[in-house]
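Following: one structure in structure tokens, then a few remarks.
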Amino acid sequence: MASNTSVGQKCPSPMKATSNGFFQGDNPLDYALPLAILQICLVVVLTRGLAVLLRPIRQPRVVAEIIGGILLGPSVLGRSKSYLEAIFPPKSLTVLDTLANLGLIFFLFLAGLEIDPKALRQTGKTALAIALAGIGLPFALGIGSSFLLRETISKGVNASAFLIFMGVALSITAFPVLARILAELKLLTTDVGRMAMSAAAVNDVAAWILLALAVALSGSNTSPVVSLWVFLSGCVFVICLALIVPPIFKWMARRCHEGEPVEEIYICATLAVVLAAGFVTDAIGIHAMFGAFVVGVLFPKEGPFAHALVEKVEDLVSGLFLPLYFVSSGLKTNIATIQGLQSWGLLALVIFTACFGKIIGTVVVSLCCKVPLRGALALGFLMNTKGLVELIVLNIGKDRKVLNDQTFAIMVLMALFTTFITTPVVMAVYKPARRKTDYKYRTIERKNSDAQLRILACFHSARNIPSMINLFEASRGVAKREGLSVYALHLMELSERSSAILMVHKARKNGLPFWSKGWRSDSDHVVVAFEAFQQLSQVTVRSMTSISSIADMHEDICSTAESKRAAIIILPFHKHQRVDGSFETTRTDFRWVNRRVLEHAPCSVGILVDRGLGGTTHVSASNVSYLITVLFFGGPDDCEALAYGARMAEHPGISLNIICFVVEPETIGKISTINMQENAGIETKSSAEEFLSRFRNLQKDDSVRYEEKAVRNVTEIIAAIRGADRSNLFLVGRMPEGKLALALRRRSECPELGAVGSLLIAPDFSVTASVLVIQQYNGYTCPNLDPYMEEESPDKDSESS
């Protein structure tokens with residue numbers, strides 16, 4: 001900060017690392033470590049809080065971080081001199097900038113991991129043309145606007161460097177931010193999404209090359225020979241790195257096996273290489289981040305090594321260190337320097353120039369390539385996305401004194417505005433039509449029992465896998481000619497993490513809103529389990545991953561079920577069983593995903609309450625020995641559960657026990673005081689009788705046992721269910737019908753499980769079997785999940801759980 005002090009002013013003394021504490025008369029804010037801790041905490045709390053506030057309007061986190069940096073800087077809070085002197089004193093900025101740039105180095109390494117050189121070589125002609133137009137026209141307009149800025153507010157700056165910095169700043173597309181916006185809007189697998197991703201990847205690489213040139217030209221030595229040497233040395237370094245580093249990393253990757261922890265020495269060696277590359281590029285005269293980015297691009301993307309490395313690095317870097325870079329940028333941004341009609345007019349000009357160049361250039365080329373107008377407009381606004389890379393360009397320009405305070409503030413506001421408008425504008429102009437699939441078998445109950453059964457089984461983690469596989473084994477219906485087809489869908493939450501973007505790349509490659517890891521050599525242990533089951537059985541299992549936000553996860557599940565023509569969706573319950581047998585909430589959000597699926601599903605839905613069906617491993621077909629009990633009260637959901645049970649009964653290792661509850665004649669009308677006028681038409685005993693008639697005659701088969709239980713009250717129902725405590729799995733309908741079911745509904749505590757399902761998982765109930773609660777598809781959205789009880793709020797649910 002010495003360059004900003006006036007002549008004769010004494011430079012601030014360096015800060016000591018740690019204090020002796022309040023009691024010995026030291027102020028912790030006068031020491032480097034406690035002050036850095038306070039700065040980090042303040043930054044993280046503010047930026048994460050802003051991200052939560054901006055989430056409803058689907059803004060990427062980078063917008064919150066840019067705004068947070070501006071708020072902490074001289075534009076807002078920094079107007080108070082006492083605040084700046086206490087929290088961000090000049091003598092602390094060296095430590096702050098060092099930590100911020102260290103985080104930036106590792107983040108740029110992660111950003112390099114998101115770039116796939118193989119995909120760049122396969123870029124289509126349309127995407128390449130869009131990328132070139134998205135770079136060329138904004139770059140030219142940026143150079144044009146730089147002449148006007150140099151004549152007004154940027155006099156005396158390095159002309160050649162200023163031209164290139166302005167061109168690069170206006171032509172950049174933030175690839176990581178664009179990928180997250182596309183995934184958030186579910187546009188990854190549309191034609192617009194694929195073209196935008198391909199064009200943005202090309203744009204990103206071109207921007208880094210141009211930025212390297214700009215940095216080389218912006219050195220303190222004005223000799224063009226020095227700039228040429230800097231640029232050529234950088235090129236030689238990249239070539240040497242490309243020849244030396246990939247074989248070493250590939251050797252490490254081959255020694256990292258699936259399902260085994262990656263050795264610490266490999267992680268440390270990789271991080272050391274990243275820092276060494278940053279040191280070399282800084283010594284050459286290019287920013288240290290270039291070396292880290294190149295190492296990330298050259299790093300092999302396949303196998304467990306890359307994923308383990310990302311998981312170990314990303315949270316610390318993205319969560320703690322990277323926000324410091326936005327604060328460092330915000331401390332240099334003073335919006336108060338934009339004063340007068342001329343300055344605000346120049347801001348409007350820069351924003352218009354940036355938007356016009358990107359949008360018009362992209363739209364014109366897209367239309368020439370026969371992209372529809374709405375798609376072309378969406379592409380234009382998507383390619384206009386700015387982000388961290390834009391701030392990096394501007395900060396380097398500011399540090400190299402190519403951009404003064406006023407120009408820097410104008411460019412930061414331009415980056416913020418263009419990124420902010422991207423999501424709402426794209427949502428307004430481009431809404432891809434959802435194709436509806438018309439198929440016949442949307443339920444398990446069907447006339448043609450030999451038709452193939454298709455199941456979409458969803459899971460959140462490996463905890464759900466063993467019971468899911470054992471359920472598949474029980475469901476395969478050995479006597480069916482067309483067998484069973486299972487789609488195992490891993491539900492992953494879309495986040496700002498680099499690992500999520502690695503998943504996004506896989507989604508893009510496979511052309512689906514999910515990707516099949518079973519087709520790849522780097523399949524993880526979850527897929528290995530499904531593949532092993534497929535080889536040992538006659539069941540076709542296709543493993544996929546869905547990447548979406550919690551709010552939209554149900555849409556992916558429902559659209560996947562429709563596209564795969566599933567007859568039933570099986571969801572895991574939002575609670576898991578502890579060692580002592582009690583239930584613990586895995587995540588409250590999963591409950592609301594299940595509820596939305598029940599409301600919008602295009603087929604039947606089952607919620608599996610897992611109590612260890614078959615234990616913690618896959619039970620082979622020859623060792624299967626299950627007793628499955630169907631509790632039948634009446635209604636479509638119970639009929640669906642019974643149809644599923646009948647299919648399971650075909651397995652030689654499964655015994656089916658059907659308990660049909662009926663009201664004793666002398667107690668009809670006395671079993672419940674519920675007002676039946678409100679529930680007219682609920683009882684469909686005649687249709688249930690017709691469905692049950694064929695099961696009464698199956699008792700000759702030792703695998704099926706049918707029993708009618710005449711009961712007088714709820715207490716007798718509970719006693720009868722307790723008598724079936726030797727079962728391994730209960731199959732129940734979510735909304736059973738009839739007077740008995742109405743009496744039970746008052747006991748329902750979990751609407752998505754219904755009255756019987758809630759009873760079976762109650763803490764005071766002695767049954768320890770797994771429970772599958774089934775809702776039959778009826779051609780329209782399901783009724784309110786809890787018509788007989790007050791709707792629970794998410795907050796209330798989380799408290800009670």
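The values are calculated or read from the model by the stated rules, or taken from the named source; none is laboratory data. Everything numeric in this text was worked out from a predicted model, so none of it was measured. Every residue, glycine among them, receives a Cβ derived from its backbone with ideal geometry; neighbour counts consider all protein chains shown. Remember, those area values only see protein heavy atoms, side chains included, never the ligands or the DNA or RNA. Shrake-Rupley method; radii C 1.70, N 1.55, O 1.52, S 1.80 Å.
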Residue that is surrounded by the most Cβ atoms within 10 Å (Cβ to Cβ) [pool: residues in segment 173-196 that are farther than 15 Å from Ser548 by Cβ and of a type in the set (D, E, K, R)]:
Arg194
Going through segment 377-386 one residue at a time, which ones are under 20 Å from Thr353 (Cβ atoms) and either surrounded by fewer than 24 Cβ atoms within 10 Å (Cβ to Cβ) or touching a residue at least 24 places away in the same chain (Cβ under 8 Å) (or both)?
Leu377, Leu379, Phe381, Leu382, Met383, Asn384, Thr385, Lys386
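Per-residue answers, yes or no, for (1) surrounded by fewer than 19 Cβ atoms within 10 Å (Cβ to Cβ); (2) aromatic (Phe, Trp, Tyr); (3) modelled with pLDDT under 85:
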{"residue": "Thr422", "(1), (2), (3)": "no, no, no"}
{"residue": "Glu445", "(1), (2), (3)": "no, no, yes"}
{"residue": "Asn448", "(1), (2), (3)": "yes, no, yes"}
{"residue": "Asn464", "(1), (2), (3)": "no, no, yes"}
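Results for (1) closer than 30 Å to Ala159 by Cβ; (2) modelled with pLDDT of 85 or more; (3) part of a loop (DSSP other than H, G, I, E, B); (4) open to solvent by less than 50 Å² (accessible area, probe 1.4 Å), shown as yes or no for each residue.
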{"position": "Asp204", "(1), (2), (3), (4)": "yes, no, no, yes"}
{"position": "Trp208", "(1), (2), (3), (4)": "yes, no, no, yes"}
{"position": "Val225", "(1), (2), (3), (4)": "yes, no, no, no"}
{"position": "Phe249", "(1), (2), (3), (4)": "no, yes, no, yes"}
Selection from segment 277-307 of residues that are of a type in the set (Phe, Trp, Tyr), in a helix (DSSP H, G or I) and open to solvent by less than 10 Å² (accessible area, probe 1.4 Å):
Phe305
Go through the residues of segment 786-798 one by one and say whether even a single one is modelled with pLDDT of 75 or more and among the hydrophobic types (A, V, I, L, M, F, W, C).
no
Return the residues of segment 330-359 that are open to solvent by 70 Å² or more (accessible area, probe 1.4 Å) and either closer than 18 Å to Gly193 by Cα or basic (Lys, Arg) (or both); say none if nothing qualifies.
none
Filter result (among the small types (Gly, Ala, Ser) and either closer than 13 Å to His490 by Cα or free of Cβ contacts under 8 Å to residues at least 60 places away in the same chain (or both)) within segment 530-566:
Ser543, Ser546, Ser548, Ala551
Search result, residues across segment 329-345 that are closer than 24 Å to Val62 by Cβ and out of contact with any Asp or Glu (no Cβ under 7 Å at 6 or more places or on another chain):
Ser329, Gly330, Leu331, Lys332, Thr333, Ile335, Ala336, Ile338
State whether the residues of segment 265-276 include one that is under 20 Å from Val389 (Cα atoms), part of a loop (DSSP other than H, G, I, E, B) and open to solvent by 30 Å² or more (accessible area, probe 1.4 Å).
no
With the condition being within 18 Å of Val297 (Cα to Cα) and not small (Gly, Ala, Ser), I'd like the helices (runs of 4 or more DSSP H) fully within segment 108-191 carrying at least 3 qualifying residues.
117-121, 175-184
Among residues of segment 715-745, those that are at pLDDT 85 or above, in contact with a Gly (Cβ under 6 Å, 6 or more places away or on another chain) and assigned to a loop (DSSP other than H, G, I, E, B), counted:
3
Selection over segment 114-156 where residues are in contact with a Gly (Cβ under 6 Å, 6 or more places away or on another chain), over 22 Å from Lys370 (Cα atoms) and either surrounded by fewer than 14 Cβ atoms within 10 Å (Cβ to Cβ) or of a type in the set (Gly, Ala, Ser) (or both) yields a count of 1
Can you find a residue in segment 493-505 that is at pLDDT 75 or above, of a type in the set (Gly, Ala, Ser) and outside any loop (DSSP other than H, G, I, E, B)?
no
Return yes when Ile172 is in the same structural domain as His287 (by the TED database), touching a residue at least 60 places away in the same chain (Cβ under 8 Å), of a type in the set (A, V, I, L, M) and out of contact with any Gly (no Cβ under 9 Å at 6 or more places or on another chain) and no when it is not.
no
Go through segment 390-420 and report how many residues are buried (at least 17 other Cβ atoms within 10 Å of the Cβ) and free of Cβ contacts under 8 Å to residues at least 40 places away in the same chain.
0
Evaluation of Asp556 against (1) modelled with pLDDT of 80 or more; (2) over 25 Å from the mean Cα position of the chain (by Cα) (one fails), failing number:
(2)
Residue hits (segment 251-264; more than 28 Å from the chain's Cα centre (by Cα) and either open to solvent by less than 30 Å² (accessible area, probe 1.4 Å) or not assigned by the TED database to the domain that holds Val205 (or both)) are Met252
